[in-house]
Amino acid sequence: MNLSTLAVHAGEGSRVDGSAVFPIFQSATFLYEQESVKGADVHYGSVRYTRCNNNPSQIAVAAKVAALEGAEAALVTASGMAAISAVLLALLKAGDHVLVQPCLYGGTYTLVHGMLTQLGVAVSELPMEDAAAWPGLVRANTKVVYVETISNPLCAVPNLPAVVALARAHRLTSVIDNTFASPANARPLDWGFDLVVESATKFLNGHSDVVAGVVAGSRALLRAVTDKLTHLGGSADPHACFLLQRGIKTLGLRVARQNANALTLARALHVHPAVLRVHYPGLPHHPNHAIAASLFTAGAGDTVPDPDTILATHTGASSSTPSTSGSAAAGAAAPGHTSGSHAGHQGGAAGDGGEQAARRGGQGRG
């Protein structure tokens, strides 16, 4: 079954009273048949309560996401950061060590280098251009390696097969943020990653009217993440689930057009005399072009404004001049996010100084 068919039909089950659209279960609590609440059969996880992530609206959209990601199970959350924080807090505790890429989305960077370190988790950054050095960074207490498919905001593409190999060799849990690719362009679980997180606010929903996140992976890992999310209170609202389910139905159509638009934009900006720099893995000059070309055959794109950090500016323009950045390539061309660079931005090629750029304002991720 292809992606667009899954996007429309997966997870929705039988129609309720003939409804063509899966309904919104806007309820915090639910009634029980007497037989289901007897004695030892009752436990906290069996209670149907929207914060416990078992509202029918949550279940339906999670099943759809699992189908799209090729996962055993999935979980929908109140935001992308709710998904990321629930995963990392479920997998790490005081005394553990995590490996991360240096160019991270700003919210994730703050979570990892701020909150996790305050909780006693040690953090090391992987040198993205030197995979041979990665095994030397693994410690006896290393538990997780965390990367992004395409980094936000500098569009770096890590050596993802090498990340999977590192995780398997050292029995680490591999986690990848697939927001900037989406399952329309990349399914990291097929490459061997253990967990995928995404901000559904972006490609998955696609209509700028929902803040949500998703996690996908094995049932065993999802049980631990769900338990953490339940107690942290990061469950998705039923109406947000309804809107997300609606948005996902057009994922394949939207992303295909975004890929094509981004490729056109990248090529035009690359040759424009007033543009200083373009970060776009689909162009041959990008330092991560080869790995991107080997991983992304459909593309990975969007066009988004970001006037303060990675945007193209005309020579001599003031720092407040707005511009645009897009992402991805279509067809045989490799994907990635397209972004011109601000004249005053410290980052060079994608991946250089990326963590600083991320802290100063990657695309919002909910």
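Remarks
- Flag for A256 being within 24 Å of A156 (Cα to Cα) and not in a helix (DSSP H, G or I): no
- Residue identified as closer than 21 Å to P183 by Cβ, modelled with pLDDT of 85 or more and among the small types (G, A, S) among A260, A266, A274: A260
- Any chance T142 is under 20 Å from the mean Cα position of the chain (by Cα), more than 16 Å from G213 (Cα to Cα), of a type in the set (V, I, T) and surrounded by fewer than 24 Cβ atoms within 10 Å (Cβ to Cβ): no
- Within segment 91-123, being among the polar types (S, T, N, Q) and farther than 23 Å from G217 by Cβ holds for T110, T117, Q118.
- In segment 267-285, of all residues being touching a strand residue (DSSP E or B) at 6+ places or on another chain (Cβ under 7 Å) and assigned to a loop (DSSP other than H, G, I, E, B), the one that is nearest to N152 (Cα to Cα) corresponds to Y280.
Table: residues versus (1) in contact with a helix residue (DSSP H, G or I) (Cβ under 6 Å, 6 or more places away or on another chain); (2) crowded, with 21+ Cβ neighbours inside 10 Å.
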{"site": "G107", "(1), (2)": "yes, yes"}
{"site": "V123", "(1), (2)": "yes, no"}
{"site": "N152", "(1), (2)": "no, yes"}
{"site": "P158", "(1), (2)": "no, yes"}
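- Any hit, segment 230-241, residues being in a helix (DSSP H, G or I), closer than 22 Å to K202 by Cα and polar (S, T, N, Q): no
- Where G252 falls short, out of the listed (1) crowded, with 20+ Cβ neighbours inside 10 Å; (2) within 20 Å of S79 (Cα to Cα): (2)
- Residue in segment 56-74 that is surrounded by 21 or more Cβ atoms within 10 Å (Cβ to Cβ), modelled with pLDDT of 80 or more, part of a loop (DSSP other than H, G, I, E, B) and not hydrophobic (A, V, I, L, M, F, W, C) present: no
The values are calculated or read from the model by the stated rules, or taken from the named source; none is laboratory data. Every value quoted in this text rests on a predicted model; they were computed, and no experiment measured them. FYI the Cβ positions are ideal-geometry reconstructions off the backbone, even for glycines, and counts take in every protein chain you see.
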